[in-house]
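Trainee: Have a look at this one before I ask anything.
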Amino acid sequence: MNPIFFAPFLLVALYLANSIKILNEYERGVVFRLGKLLPTPKGPGVILVFAPIDRMVRVGLRTIVMDVPPQDIITRDNVSVKVNAVIYFRVMQPQKAIVEVESFNYATSQLAQTTLRSVLGQVDLDDLLSGRDRLNQELQRLLDEQTDPWGIKVSAVEVKHVDLPENMQRAMARQAEAEREKRAKIIHAEGEFGASERLSEAAEVIGREPLAVTLRYLQTLTEIAGEKNSTILFPIPIDLLNMLQPKQPKQPVDGDGEQRSD
């Protein structure tokens, strides 16, 4: 048979083969037919796109992790810092992501940068360093509200790094050192107060029995001798010396109050 007879069938087969498109599970195809958007996206699996009548735009549905570049921010207490963050978002409605905005990736990145400068510029430096959880939630809420018309869901925003000037780092280091010294002095004063209370109680107990002081001196001497010191200086209380001296008998006294000897 004449090969020209099979030429139209071959062209039709090639056209159909070229019209077959395969979309992955995480992809959807937004199809424009004669410039008009079809009501539902295509995919996943095998779909037919009849060019040039149809034009398909692939849209991924996986979560996108976008790094927000460092932004120069002046906090409410007039401290200049550089802050960068990371944003997690995904496309929930592929048709809006293609029709409502020209490039949803670029638009989300620019929106994240401006929102980061706007929100963090309204807080103090202490809040920026200690209240990141609250700021992350506030950033996520604002970005989610602004990207919702584009069919995009912002799931999380995390402030990664805050770059402080060197003079501010030195000032914060001095402040932290002063706080540590303050706590150390307070703890030392509390210890001295407790020790003074215990010593006062011990003095009351020892004061009830005079010999207790002597026993305490002897115990201290024993502890010092156990350390094998070559020289020991130890004060001897007068009461102890009086106890060691022999008692002399009293001499009789005459009527004039003078002692008389036998």
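Trainee: So what's the convex hull volume per residue for the Cα atoms of region 64-164, in Å³? Kindly include the intermediate steps, with their values, before the conclusion.
Mentor: Numbers: hull volume 7.7 nm³, N = 101.
Considering the Cα atoms of region 64-164, their hull volume per residue is 76 Å³.
Trainee: Also, quick follow-up: On a full-extension model of 0.36 nm per residue, what is the gain between Lys185 and Thr220, subtracting their alpha-carbon distance, rounded to one decimal in nm? Mind dumping the intermediate values first?
Mentor: On the way: separation 35, 0.36 × 35 = 12.60 nm, distance 3.00 nm.
Fully extending the segment from Lys185 to Thr220 adds 9.6 nm.
Trainee: Using DSSP to call loops (not H, G, I, E or B), can you name the trypsin sites (Lys or Arg not before Pro) in region 1-95 whose Cβ has at most 13 other Cβ atoms within 10 angstrom? Mind dumping the intermediate values first?
Mentor: Numbers: sites: Lys21, Arg28, Arg33, Lys36, Lys42, Arg55, Arg58, Arg62, Arg76, Lys82, Arg90; in loops: Arg62, Arg76.
Filter output for region 1-95: Arg62, Arg76.
Trainee: Sticking with this structure for a sec: Between the alpha-carbon centers of region 103-137 and region 20-94, tell me the distance in whole angstrom.
Mentor: Answer, in whole Å: 22.
Trainee: Compute the distance in nm between two label points, each set 7 Å from the Cα along the Cα-to-Cβ direction, one at Asp144 and one at Asn84.
Mentor: 2.6
Trainee: Any of Lys82/Lys153; Lys21/Lys42; Lys82/Lys160 with alpha carbons more than 18 Å apart? Name them for me. Show your work: numbers first, answer last.
Mentor: Details: Lys82/Lys153 26 Å; Lys21/Lys42 10 Å; Lys82/Lys160 11 Å.
Table pairs above 18 Å Cα-Cα are Lys82/Lys153.
Trainee: Gain in length, Arg117 to Leu37, computed as 0.36 nm per residue apart minus the alpha-carbon separation, to one decimal in nm? Don't skip to the end; give the middle numbers.
Mentor: Working: separation 80, 0.36 × 80 = 28.80 nm, distance 3.64 nm.
Contour length minus Cα-Cα distance gives 25.2 nm.
Trainee: Related question: How much length would be gained if the chain were fully extended between Glu100 and His161, taking 0.36 nm per residue of separation minus their Cα-Cα distance, in nm to one decimal? Present the calculation step by step, with values, prior to reporting the outcome.
Mentor: On the way: separation 61, 0.36 × 61 = 21.96 nm, distance 3.26 nm.
Extra length from Glu100 to His161 when fully extended: 18.7 nm.
No lab work stands behind these numbers, since they all come straight from the coordinates. These numbers were taken from a predicted model, which means no experiment stands behind them. Every residue, glycine among them, receives a Cβ derived from its backbone with ideal geometry; neighbour counts consider all protein chains shown.
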